[in-house]
Amino acid sequence: MQLYLPIADIPVNIFLILAMGAAVGFVSGMFGIGGGFLMTPLLIFIGIAPAVAVASVASHIAASSFSGAISYWRRRAIDPALAVVLLTGGTIGTALGVWTFTQLRALGQLDLMIALSYVALLTTVGGLMFWEGLRAMMRTRRGVAAPRRSHGWIHGLPLKMRFKRSKIYLSVMPVVVVGVVIGFIGAVMGIGGGFILVPIMIYLLRVPTSTVIGTSMVLTLVTMTFATLLHAITNHLVDVVLALILMVGGVTGAQFGARAGQKIRGEQLRLLLGLLVLAVGIRFAIELVIRPEDLFTIRETGVGG
């Protein structure tokens with residue numbers, strides 16, 4: 001059944017979009033991440049313009065993060081102080097990202113920039129996650145304990161603040177910088193950034209796992225909501241019809257994914273997630289180098305006076 005998307009300006013199969021939303025929701029529920037890194041490329045691969053895909057997926061991620069954030073808040077698994085500091089940088093990064101997005105679109109370089117960003121980010125992060133998961137599995141089979149992580153130079157920075165819920169004493173400087181980076185990446189690429197934020201908070205900032213996922217969801221919720229509003233106001237690219245269909249599929253798939261994730265060991269989850277991220281990055285790289293069927297496209301940009 002075909003459905004016309006008003007902002008994307010193309011007809012799509014509604015069942016295909018629902019299936020994509022359900023599949024990404026399943027992955028999100030299994031791995032505890034937003035899934036934007038997977039949804040945005042899938043939409044681009046089926047012909048939706050990268051600019052519309054990025055802007056529309058931002059609203060989908062915000063909606064998906066809302067229920068998760070509420071759940072973690074009820075379980076007292078969110079550090080409010082840490083979330084506020086992250087959001088200080090996150091809102092700045094989001095505003096900067098939307099401005100960059102608008103400038104690149106005006107220059108006609110947005111599609112290329114999004115593709116290159118996905119190739120660089122996903123292949124790097126996916127490769128690192130795959131390697132770390134593989135090493136963890138090998139240590140488990142050999143019965144070797146994981147090496148203890150010592151505090152690095154980041155914990156010696158000034159302007160320290162005590163985050164009571166997470167039980168850490170840390171400078172606000174790296175926390176704000178992380179928020180800026182995640183907000184910027186999310187606005188430009190249409191990803192929540194949870195698959196990047198969570199490892200950074202655990203391995204770099206030493207935030208305990210008991211509060212890291214819930215706190216990251218709060219950042220994702222606020223920054224993606226902010227990005228959606230900015231994209232809608234400045235670029236008029238948020239396709240509400242597309243976002244609603246994705247939400248329906250995503251909520252359904254997430255329930256089954258969460259159950260599946262509970263049956264798989266942590267190192268196996270990291271290995272599978274690394275493979276998935278790496279595969280999407282390689283797929284984008286292939287798209288950049290293969291010869292397109294149509295060398296030129298004609299698109300109406302306006303009516304001259």
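The values are calculated or read from the model by the stated rules, or taken from the named source; none is laboratory data. All values derive from a computational prediction rather than experimental measurement. No Cβ is skipped: glycine too gets one built from the backbone with ideal geometry, and neighbour counts run over all protein chains shown. Remember, those area values only see protein heavy atoms, side chains included, never the ligands or the DNA or RNA. Shrake-Rupley method; radii C 1.70, N 1.55, O 1.52, S 1.80 Å.
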Kindly list the number of the only condition in (1) open to solvent by 10 Å² or more (accessible area, probe 1.4 Å); (2) under 19 Å from the mean Cα position of the chain (by Cα); (3) at pLDDT 80 or above that fails for F66.
(3)
Only residues that are surrounded by 15 or more Cβ atoms within 10 Å (Cβ to Cβ) and either under 22 Å from G253 (Cβ atoms) or in contact with a Lys or Arg (Cβ under 6 Å, 6 or more places away or on another chain) (or both): list them for the range 4-13, please.
L5, A8, V12
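Considering only residues that are within 30 Å of H231 (Cα to Cα) and over 21 Å from the mean Cα position of the chain (by Cα), which ones fall in the range 106-145? Break it down into steps so the answer makes sense when it comes.
Our first condition is that a residue be within 30 Å of H231 (Cα to Cα); within the range 106-145, this holds for 106-126.
Within the range 106-145, A106, L107, G108, Q109 qualify.
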Any residue at all in the range 78-96 that's over 21 Å from G194 (Cβ atoms) and open to solvent by 40 Å² or more (accessible area, probe 1.4 Å)?
no
In the set G257, G249, the lone residue that is at pLDDT below 75, in contact with a helix residue (DSSP H, G or I) (Cβ under 8 Å, 6 or more places away or on another chain) and open to solvent by less than 10 Å² (accessible area, probe 1.4 Å) is G257
Taking the range 201-223 as the region of interest, how many residues are open to solvent by 30 Å² or more (accessible area, probe 1.4 Å), more than 19 Å from V172 (Cβ to Cβ) and among the β-branched types (V, I, T)?
2
